[in-house]
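The values are calculated or read from the model by the stated rules, or taken from the named source; none is laboratory data. Keep in mind the model is a prediction, meaning the values are calculated, not measured. Here the Cβ positions follow ideal geometry from the backbone for every residue, glycine too, while neighbour counts run over all protein chains shown. Note: areas computed on protein heavy atoms with side chains; ligands, DNA, RNA excluded. Shrake-Rupley method; radii C 1.70, N 1.55, O 1.52, S 1.80 Å.
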Amino acid sequence: MTEDIYQEHILEHFESPYHKGHLAHPTCCHRDKNPLCGDVIELQLKIDASDCVSEAYFDGKGCAISQAAASILCEQIEGKPVAELKDMQAQQMLDLLHVPLTASRQKCGLLAFKVLKTLVYAHETDEPQV
Amino acid sequence: MATSVGTSKFEVAAVRNDFPILNQPLPNGQTLVYLDTGASAQKPLCVIEKLTEVLTHYYSNTHRGIHTLGDLVTTEVEGARETVREFIGAPVVEEIIFTGGTTASINAVAYGWARKFLKPGDEVLLNVMEHHANFVPWQQAAIATGATLRFIPLTSDGQLDLTQLDTVLTDRTKFVAVTGMSNVLGTINPIRELAAKAHAKGALILVDGAQSVPHGPVNVRDLGIDFLVFSGHKIYGPSGIGILWGKSKLLEAMDPFQFGGNMIREVFLESSTWADLPGKFEAGTMPIAEAVGLGAAIQYIQQFDPQAVHAHEMELTAKAFQLLQEIPGVTIYGPGLEHRGSIVSFTVEGVHPHDLADLFNNRGVAIRAGHHCTMPLHEHLNQPATARASFGMYNTLEEVDALAEAILYAKKVFRR
Ligand SMILES: Cc1ncc(COP(=O)(O)O)c(C=O)c1O
């Protein structure tokens, strides 16, 4: 049964997300889409002089899993060094959700993580962001 | 050959008995409520047994081996071709081409006809309700040839707006590609009228029958169309097999789309000539058992009175309409019952279609969520995704109740 994927904490993050909105002056931002279902996540990061994420905001549209995952991710990564986030594994993201996702729903659960990966890797190479 | 057409009385309980998957629990023990026939239909036992028969008793390659099995299997494949011909009312069996499916059939025309005959300034007429399979091949052919795409606008309830047809169907229109039935809105398009108008402008018309052919008898001569394409898997037959029907004259003028074995007449070092129809468009080894299985699927549905099947499917659709309209926050897309087939796409305020599908699945209710390969249509509807229930001949009124209950349940989980 997949009923348990809509647990209280997921629905709470979906309904009252952490840091949903925009930063006035983000260091970097990136947006990606899950082409199958149309979930969209944009992440905005403020990265301080010591290469730590000081603030993380997201905006997006889509299913509860994709949006809750973005909220949970923003909460988790604040204060973390970019180098550490580069090492973060997809499984760690899935573990943060505390609910079992089938292969098809993992795409939703990992969308924000994918956007984060693009950002932290671009940060090192200092490529301009779209 | 075909059993006498449309003789059995239609009884859904008897029909369900013919489909093994509907008579066993899901792997998790739940009862399946299969409302995703628009994506792919379940298979009756006679189709499953036919596949087994081919593979067990006379499987070999077609048209090749001078041996007993080769003769047997070729007879079966050619018998299936004749079944398809009769089913769609094609004048000659050589016009029935076995392909991998609707997508492969459309590409064969978009390459073989469009890229050969379209010129800069020519126009191809589409509309935004088309499945990507009947959209992207034309878009790409237009890019390759310098032709222009035009679009028949949709009315606010999701029908082709024929009052605008004269603006978009012009003397420059060379080709009209249109679906017989929308896989999202359920809209049934007025093909006969479109064909007459296209021909009056000297344009050809291809009908994507992926959704329409499974839900009612089609007669290509009656409709007055030039090409018809459909897939085996949506008409209770195997996947990996589909049909391209075209008028002989057009198929003969077209270039082949794929090259290789079976499709040639003679091969020289520097050039080749092509086999007669249908071989010219059947390069390589075809899906052999699947072609025979498609014949069996068509014979299966031919035993029912098409009017009775249609009436049953529309009763399900009407009930879904009624129940869903009563639920606050539910929006149904597409036209009223008199202009649609047995597909109902909807959204529920505050619950994303993906979450709906997931929660439905908790109750064994299988629907589809997403853009259903119609991104331009979802852009037009201003919805990133919709949920879709689609009914086949084996669905029951109780299963429509299960659909409505699943929506209520999802709303409860999402505190709506
Ligand atoms: C209207 C329509 N056209 C084309 C297709 C593509 O069919 P296939 O995937 O069998 O090639 C589908 C099925 O998804 C469809 O619903």
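Leaving out ligands and nucleic acids, note down the accessible area per residue over chain A with a 1.4 angstrom probe, in whole Å².
Numbers: 6230 Å² over 130 residues.
Result: 48 Å² of accessible area for each residue.
In segment B:402-416, which residues become less accessible by 10 Å² or more once every protein chain is in place, relative to the chain on its own, using a 1.4 Å probe?
When all protein chains are present, B:TYR409, B:VAL413, B:PHE414, B:ARG415 each give up 10 Å² or more of accessible surface.
Return a whole-number percent for the relative contact order of segment B:50-302, with Cα pairs under 8 Å and 6 or more residues apart as the contact set.
Numbers: 493 pairs, mean separation 63.5, N = 253.
Averaging sequence separation for qualifying contacts and normalising by length gives 25 percent for segment B:50-302.
Provide B:HIS310, B:HIS372, A:HIS25, B:HIS233 ordered by accessible surface of protein heavy atoms (probe 1.4 Å), highest first. Mind showing how you got there, number by number?
Values: B:HIS310 80, B:HIS372 0, A:HIS25 140, B:HIS233 40 Å².
In descending accessible area the options line up as A:HIS25, B:HIS310, B:HIS233, B:HIS372.
Calculate how many DSSP beta bridges within chain A are antiparallel, expressed in % of all such bridges and rounded to the nearest 5.
Working: 16 of 17 bridges.
Around 95 percent of the beta bridges assigned by DSSP in chain A are antiparallel ones.
How many angstrom lie between the C-alpha centres of segment B:107-163 and segment B:342-416?
Measuring centre to centre over Cα atoms gives 29 Å.
What does the convex hull of the Cα atoms of the protein assembly as shown come to per residue, in Å³, rounded to a whole number?
It comes to 188 Å³ per residue, whole-number rounded.
Out of the total accessible area of segment A:52-130 (probe 1.4 Å, heavy atoms of protein only), what percent is carbon and sulfur?
On the way: 1850 of 3530 Å².
So the carbon and sulfur contribution to the accessible surface is 53 percent.
What average count of beta carbons from other chains do you get within 10 Å of the Cβ of residues in B:352-364? Walk me through the intermediate numbers first.
Numbers: counts 12, 4, 14, 12, 1, 4, 12, 5, 0, 4, 6, 2, 0.
For peptide B:352-364, the averaged partner shielding equals 6.
Nearest 100 Å² is fine: how much accessible area is buried between B and A, summed over both sides, with a 1.4 Å probe?
Buried: approximately 1600 Å² between A and B.
How many percent of the accessible area of segment B:50-302 is carbon or sulfur, using a 1.4 Å probe?
On the way: 5290 of 9730 Å².
Looking at segment B:50-302 in its full context, I get 54 percent from C and S.
Search the structure for amide H atoms under 5 Å from the amide H of A:GLU55, placed 1.01 Å from N in the peptide plane, and list their residues when 5 or more places away or on another chain.
Under 5 Å from the amide H of A:GLU55 lie the amide H atoms of A:LYS46, each far enough along the sequence or on another chain.
Nothing charged except the Cβ atoms of Lys and Arg (+1) and of Asp and Glu (-1): what's the magnitude of the dipole of segment B:273-416 about its Cα centre? Round to the nearest 20 debye. Walk me through the intermediate numbers first.
Working: 10 positive and 16 negative charges, 97 e Å.
Taking the Cα centre of segment B:273-416 as origin, the dipole is about 460 debye.
With all protein chains present and a 1.4 Å probe, how do B:ARG363, B:ARG340 order by accessible area, largest first? Intermediate results must be reported in sequence, preceding the final value.
Numbers: B:ARG363 100, B:ARG340 5 Å².
Heavy-atom accessible area, descending, gives B:ARG363, B:ARG340.
Once each part is reduced to its C-alpha centroid, what is the distance from segment A:35-59 to segment B:277-305 in angstrom?
Computed from Cα coordinates, the inter-centre distance equals 52 Å.
Using the scaling law 2.2 N^0.38 Å as the reference, what is the normalised Cα Rg of segment B:305-413?
For segment B:305-413, the normalised Cα radius of gyration is 1.03.
Which value, in Å², gives the accessible area per residue of segment B:155-221 when a 1.4 Å probe is used on the protein heavy atoms? Could you put the intermediate results ahead of the total?
Numbers: 2470 Å² over 67 residues.
Counting only protein heavy atoms, the per-residue value for segment B:155-221 is 37 Å².
Starting at 0 and stepping by 10 Å, how many percent of the alpha carbon pairs of segment A:12-58 end up in each bin?
25, 44, 27, 4
Determine the percent antiparallel among the DSSP beta bridges restricted to chain B, to the nearest 5. Don't skip to the answer; put the middle values down first.
Numbers: 27 of 46 bridges.
If I count the DSSP bridges inside chain B, around 60 percent turn out antiparallel.
Using Cα-Cα distances under 8 Å and only pairs 6 or more residues apart, what relative contact order does segment A:2-118 have, in percent? Each step should come with its number before you reach the end.
Values: 207 pairs, mean separation 34.6, N = 117.
RCO, segment A:2-118: 30 percent.
Run through every distinct alpha carbon pair of segment B:50-196 and return the Kirkwood hydrodynamic radius in angstroms, one decimal place. It would help to have the intermediate numbers written out before the result.
Numbers: mean 1/r = 0.0558 Å⁻¹.
For segment B:50-196, the Kirkwood estimate is 17.9 Å.
Across chain B, how large is the tail of the calculated P(r) beyond 29 Å, expressed as a percent of all Cα pairs?
Values: 40258 of 86320 pairs.
Looking at chain B, the distances longer than 29 Å represent 47 percent of pairs.
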